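In what follows, a single structure is set out as structure tokens and then discussed.
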Amino acid sequence: MSLQKFRTDRSGNVAIIFALTITAIISMLGLAIDFQRSVSAEQNVQSALDNSTLAAVRLMQDASKTPAEIKTYAETMFAQNIKGANANLNCPTPTVTVDVKAGKARADVSCHLPTTLASLFSIQQVKVTQTSTSSVNITNLDLAMMLDVSGSMSGQKIKDLQDAAKNAIDILI
């Protein structure tokens, strides 16, 4: 093949253009997959943190629990929840702050998610940082009920009144 004929021949252009564009498309697809994985990981971490802080403030209602016990319980809850997420996350123990007097619990964590195809572009991992704060208003509740137990409430009426009073106590306290 002469140089002049080679220069004017266009029969292989589609293959070259296809090879160049398919490389870019696969690269973008790989980055999109890793981006979706990181969004899912953020949701899993946030859910696990929320569960741990909610469990901590729920445990604060038990006056016999110390702040250290509540903190340990929140850390354990996070570990169990993040383990169940099955997201290939590398998460350390979260930093949990418990303020029993204010009825607040806060948890912070920074996890790392290894990438798949983004590692081809020297992005080895994605950092996922989340924070959760929960609070509970712990108050002493006094409940007073005035019930009619006169003769007009005899029979089924007094039984219905007793059931209603028990249900009200269960709901309020």
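Values in this text are rule-based calculations from the coordinates and carry no lab data. In this text, all values refer to a predicted model and were calculated from it rather than measured experimentally. Quick reminder, even Gly has a Cβ in these numbers, built from the backbone with ideal geometry, and neighbours come from all protein chains shown.
Values computed for the structure shown
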quantity	calculated
Around T115: net Lys/Arg minus Asp/Glu count, Cβ-Cβ under 10 Å	0
Rh (Kirkwood; distinct C-alpha pairs) - the stretch 89-143, Å	14.0
Cα coordinate range in the chain, projected on the principal axes (Å, largest first)	120, 41, 22
In order through the stretch 117-125: 3J(HN,Hα) via Karplus (6.51 cos²θ - 1.76 cosθ + 1.60), integer Hz, x for Gly, Pro	7, 5, 5, 5, 9, 6, 9, 7, 7
Dimensionless Rg/Rh of the stretch 29-121 - Kirkwood Rh, Rg from C-alpha atoms	1.11
Principal-axis tilt of helix 67-85 within the chain, Cα atoms, nearest 10 degrees	40
Net charge of Cβ neighbours under 12 Å - reference T93; Lys, Arg +1; Asp, Glu -1	-1
In Hz, Karplus ³J(HN,Hα) per residue of the stretch 47-63 (6.51, -1.76, 1.60; θ = phi - 60°; x = Gly, Pro)	4, 5, 5, 4, 4, 5, 6, 5, 5, 5, 5, 5, 6, 4, 5, 8, 5
Dipole of the chain [Lys/Arg +1, Asp/Glu -1 at C-beta], most positive-end residue of L141, Q46, G155	Q46
Alpha-carbon centroid distance for the pair the stretch 105-121 / the stretch 25-42, whole angstrom	12
FRET efficiency, 1/(1 + (r/R0)^6) with R0 30 Å, evaluated for I173 and D99 via beta carbons	0.75
Size descriptor, Kirkwood hydrodynamic radius, that averages inverse alpha-carbon separations across the stretch 66-160, Å	17.9
All Cα pairs of the stretch 130-173, percent lying beyond 18 Å	51
Cut-off under 5 Å, modelled amide H: who pairs with V128 long-range	C111, H112, L113
